[in-house]
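Let me begin by presenting the structure, written as structure tokens, before commenting on it.
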């Protein structure tokens, strides 16, 4: 981590309510409100749906390490995606650490109206810069999932699904993912 | 709003970016993010219990299980457990808002010696608001402890399991929970 990163100061924290998430993206501090329950629902459910076959290897190939809200320290950025996954070949053993410095193979951001701009613009650029190879954006209020793959350091959309679709999206394309599970209340 | 009382100013200055703020009995606590063994244990427990009891895959369903939901309980408590669950009968539909005002039926805190004081204060707060089951998971000790609070205010320890034991712990006793995945790196 370089000295040019601006760390959160006491004064910054003083003004921030406890129901917030702080991140540093491209050297700037962003404080986002904690998202609403449809967000937590979609993130929690996606973690269960992918985790079972790909992390635990129950009725699935395993081979991944999937973690909810890991803190990533990549270059000048401190990013907290809703979910991230590393292929076991790249991370055979999980380090004991406060933050991961190895970029994930896949991240998923669940968007809220208050975070959509940050997620779509700045965080997507940061993930591309750091070489994350797959990215999903989930918007619970739109009931949509977008899947992207990094090609030549840019994001290329692989698919865009919504509502009650059953999705096969890289890098987890072997799993038929029923989107209604993410929006069901 | 809540009565703020800053605890341990030093901890706040040094707080990493993705901090969690909570209010317990009117006092504010700022906690560092889950480090990787803690995030791993919480994520895996969410996958294992979520598959069986939330998605109903390989289990009876009947629950809503969420990772780090924000609970606004009474006037003096803003609590963010690592995992929480509500029986469907009590919460047939998720609220739209940012926070949950209905106390969960079960909460799980991933603990360490560093958080022991806060965890005990949170346990008292959960009891105050009628949460009936509480688990503590300590990844360093590789230990799961289950507590139940019947009519009285006090938590009764139901049991503890460690290492690669199989835990059958209320309220999820229908599942023989393999603990080894929680500590596996």
Checklist outcome for this item: Restricting attention to segment B:100-114, the residues that are out of contact with any helix residue (DSSP H, G or I) (no Cβ under 8 Å at 6 or more places or on another chain) and either within 14 Å of another protein chain (Cβ to nearest Cβ) or under 14 Å from residue B:71 (Cβ atoms) (or both) number exactly 6
Checklist entry - Counting only residues that are assigned to a strand (DSSP E or B) and touching a residue at least 24 places away in the same chain (Cβ under 8 Å), which one in segment A:149-159 is farthest from residue A:43 (Cα to Cα)? => result A:154
Checklist entry - From the set of residues in segment B:46-67 that are within 14 Å of the chain's Cα centre (by Cα) and more than 7 Å from chain A (Cβ to nearest Cβ), which is farthest from residue B:171 (Cα to Cα)? => result B:64
Next on the checklist: Taking the criterion of being facing chain A (nearest Cβ under 9 Å), part of a loop (DSSP other than H, G, I, E, B), on the phi < 0 side of the Ramachandran plot and touching a helix residue (DSSP H, G or I) at 6+ places or on another chain (Cβ under 8 Å), would at least one residue in segment B:36-45 satisfy it?
Outcome noted: no
Checklist entry - Considering only segment B:137-173, how many residues are in contact (Cβ under 8 Å) with a residue 40 or more places away in the chain and at negative phi? => result 5
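If you check A:132, A:117, which single one turns out to be more than 14 Å from chain B (Cβ to nearest Cβ) and not in a helix (DSSP H, G or I)?
On the way: A:117 fails: not in a helix (DSSP H, G or I).
That would be A:132, the only listed residue that is more than 14 Å from chain B (Cβ to nearest Cβ) and not in a helix (DSSP H, G or I).
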Checklist entry - Looking at residue A:103, is it surrounded by 16 or more Cβ atoms within 10 Å (Cβ to Cβ) and part of a loop (DSSP other than H, G, I, E, B)? => result yes
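Let's see how each residue does on (1) surrounded by 15 or more Cβ atoms within 10 Å (Cβ to Cβ); (2) modelled with pLDDT under 95:
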position	(1), (2)
A:39	yes, yes
A:45	yes, no
A:87	yes, no
A:90	no, no
A:99	yes, yes
A:109	yes, no
Checklist entry - Which of the residues spanning segment A:160-185 are in a strand (DSSP E or B) and surrounded by 15 or more Cβ atoms within 10 Å (Cβ to Cβ)? => result A:161, A:167, A:177
Checklist entry - Out of all the residues in segment B:68-95, which are buried (at least 19 other Cβ atoms within 10 Å of the Cβ) and either at pLDDT 95 or above or part of a helix (DSSP H, G or I) (or both)? => result B:83, B:84, B:85, B:86
Next on the checklist: For segment A:120-129, give me the residue count where each residue is without any contact (Cβ under 8 Å) to a residue 24 or more places away in the chain and either part of a strand (DSSP E or B) or in contact with a strand residue (DSSP E or B) (Cβ under 8 Å, 6 or more places away or on another chain) (or both).
Outcome noted: 1
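On the basis of being within 16 Å of residue A:46 (Cβ to Cβ), in contact with a strand residue (DSSP E or B) (Cβ under 8 Å, 6 or more places away or on another chain) and buried (at least 22 other Cβ atoms within 10 Å of the Cβ), does residue A:81 make the cut?
On the way: within 16 Å of residue A:46 (Cβ to Cβ): yes; in contact with a strand residue (DSSP E or B) (Cβ under 8 Å, 6 or more places away or on another chain): yes; buried (at least 22 other Cβ atoms within 10 Å of the Cβ): yes.
Judged against the criteria, residue A:81 is a match.
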Next on the checklist: Could you tell me how many of the residues in segment B:18-35 are farther than 25 Å from residue B:142 by Cβ and more than 7 Å from every other protein chain (Cβ to nearest Cβ)?
Outcome noted: 6
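The values are calculated or read from the model by the stated rules, or taken from the named source; none is laboratory data. All values reported here derive from a predicted model rather than from experimental measurement. All Cβ positions, even for glycine, are placed from backbone atoms using ideal geometry, and neighbour counts span all protein chains on display.
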